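Right, one structure below, let's go through it.
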């Protein structure tokens with residue numbers, strides 16, 4: 001699976017780089033998604049925050065409003081350019097890095113990621129959560145938001161793939177494979193428990209889920 005996962009992840013990065021200029025459209029088109037960003041106000045965001053896969057910064061500003069500092073990481077320089085324009089703050093630092101190769105150099109009170117966990121191949125989940133653990137300060141909290149299982153019906157799911165994947169299309173007609181795992185909340189909580197986490201995962205409306213996790 002490793003080689004296919006590597007190829008799919010590289011295609012995923014290429015997709016989000018190419019999609020940067022189109023990315024924000026979905027927030028304009030979906031009222032439920034646009035409203036979801038306000039959920040940050042009710043989640044335990046505090047102190048120094050690490051945001052993984054920040055994209056175009058749709059969530060970064062809300063995090064910055066509640067944090068002492070935000071370090072926002074993404075693999076797409078094109079998306080980061082948009083994020084920097086959207087969130088001009090001295091307390092926010094943007095870093096361009098592949099999250100499967102990047103390792104934190106410090107610890108944070110909060111680690112946050114929105115619509116990223118579903119893009120992590122199943123066999124990379126333990127390693128990803130170890131990276132998160134390495135980034136989390138003692139007593140810190142992981143907070144995440146993602147698609148729920150019900151969103152699978154809205155995707156072009158690819159059958160018989162070594163890595164769970166969907167097909168995504170851009171305005172120019174180009175197509176990309178993207179990793180997409182629609183996590184069942186109860187199963188995800190059990191998996192996290194087996195890796196040393198205590199997690200609470202809840203539905204948010206009919207399409208999304210939110211989670212918090214501590215060591």
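The values are calculated or read from the model by the stated rules, or taken from the named source; none is laboratory data. Worth saying up front: this structure is predicted, and the values here are computed from it rather than measured. Note: ideal-geometry Cβ built from the backbone for every residue, glycine included; neighbour counts use all protein chains shown.
Structure notes:
- Considering the range 50-136, the qualifying helices (runs of 4 or more DSSP H), each wholly inside and each with 2 or more residues that are farther than 19 Å from residue 195 by Cα, run over 60-66, 77-86.
- Enumeration of residues in the range 141-163 that are over 21 Å from residue 210 (Cα atoms) and within 18 Å of the chain's Cα centre (by Cα): 163
- Residue that is modelled with the lowest pLDDT, among those in the range 147-169 that are in contact with a helix residue (DSSP H, G or I) (Cβ under 6 Å, 6 or more places away or on another chain) and either exposed (fewer than 14 other Cβ atoms within 10 Å of the Cβ) or in a loop (DSSP other than H, G, I, E, B) (or both): 162
- Considering the range 64-79, and only residues there that are buried (at least 23 other Cβ atoms within 10 Å of the Cβ) and touching a strand residue (DSSP E or B) at 6+ places or on another chain (Cβ under 6 Å), the residue that is farthest from residue 45 (Cα to Cα) turns out to be 72.
- Selection count, the range 170-203, where residues are part of a strand (DSSP E or B) and touching a helix residue (DSSP H, G or I) at 6+ places or on another chain (Cβ under 6 Å): 6
- From the list 45, 13, the lone residue that is under 24 Å from residue 105 (Cβ atoms) and in contact with a helix residue (DSSP H, G or I) (Cβ under 8 Å, 6 or more places away or on another chain) is 45.
- Single residue of the range 204-215 satisfying the filter (in contact with a strand residue (DSSP E or B) (Cβ under 8 Å, 6 or more places away or on another chain) and outside any strand (DSSP E or B)) that is farthest from residue 137 (Cα to Cα): 207
- First in the range 189-212 and more than 18 Å from residue 147 (Cα to Cα), second anywhere and at pLDDT 95 or above and assigned to a strand (DSSP E or B), Cβ under 6 Å, 6 or more apart: 197/213; 198/214
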